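Chemist: The structure follows.
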Amino acid sequence: MIKKFLITIYSFFFCSFLRLRRMKLPFSSFIGFNHKVKGADCISIGKGTRIHRNCSLLCYKKNHNQKLEPHLRIGNNVYINDGFICLVACDVIIDDNVVFGHHISLISENHGLDPNCLSYLDNKLETGAIKVGQGAWIGDNVVVLPGVTIGEKSVIGAGAVVTKNIPEYS
């Protein structure tokens, strides 16, 4: 009973803090402990969404001199387990009723591969939108790379690295 009360108090204050930073976050949604949020004003979360602990929602507005336009939209009733990482440099859209297992990475950017640069970190970022369709289920330890669309009601097995589009109901 006390634990539930403390979680409710934490959720109220933390979520209020994120709302002050202009994150769109309804009162019916929850973000767990030990999280990282960058670019809260670029994030929109739907009703009834649960984001568990040790998660990172990182929206990058610039990389060196490169201007980026990140947008992260998480739909209604999305369930995100522990260890979720979302690196956002362009559009990342997660539709309603999606379920994520533990330790998922959605990466909408990658450093260029020009070997003539002093460091690969100095390369311009290459970005690609990510979309996860309604009702999809993403298993544990999955990595989704830039430019991928996962179709509605698709299931991605544990440990997969998704490099290409996945059709609906696959």
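Chemist: Looking at Phe5, Phe27, which is the one that is closer than 29 Å to Gly139 by Cα, open to solvent by 90 Å² or more (accessible area, probe 1.4 Å), modelled with pLDDT under 90 and outside any strand (DSSP E or B)?
Modeler: Phe27
Chemist: Name the single residue, out of those in segment 97-150 being within 22 Å of Lys61 (Cα to Cα) and of a type in the set (Ser, Thr, Tyr), that is most open to solvent (accessible area, probe 1.4 Å).
Modeler: Filtering first and then ranking leaves Tyr120.
Chemist: Does at least one position in segment 71-81 carry a residue that is hydroxyl-bearing (Ser, Thr, Tyr), in contact with a Gly (Cβ under 7 Å, 6 or more places away or on another chain) and modelled with pLDDT of 95 or more?
Modeler: No, that holds for no residue.
Chemist: Give just the number: which of (1) more than 20 Å from Arg50 (Cα to Cα); (2) part of a loop (DSSP other than H, G, I, E, B); (3) in contact with a strand residue (DSSP E or B) (Cβ under 9 Å, 6 or more places away or on another chain) does Leu118 not satisfy?
Modeler: It is condition (3) that Leu118 fails.
Chemist: Shifting gears a bit: If you scan segment 53-89, which residues turn out to be open to solvent by 40 Å² or more (accessible area, probe 1.4 Å), more than 12 Å from the chain's Cα centre (by Cα), more than 16 Å from Trp137 (Cα to Cα) and not hydroxyl-bearing (Ser, Thr, Tyr)?
Modeler: Arg53, Asn54, Lys61, Lys62, His64, Asn65, Lys67, Glu69
The values are calculated or read from the model by the stated rules, or taken from the named source; none is laboratory data. Fair warning: this is a prediction, and the values are worked out from it, not measured in the lab. Heads up, the Cβs are rebuilt from the backbone with ideal geometry, glycines too, and the neighbour counts pull from every protein chain shown. Protein only, heavy atoms only, side chains kept; ligands, DNA and RNA dropped before computing areas. Shrake-Rupley method; radii C 1.70, N 1.55, O 1.52, S 1.80 Å.
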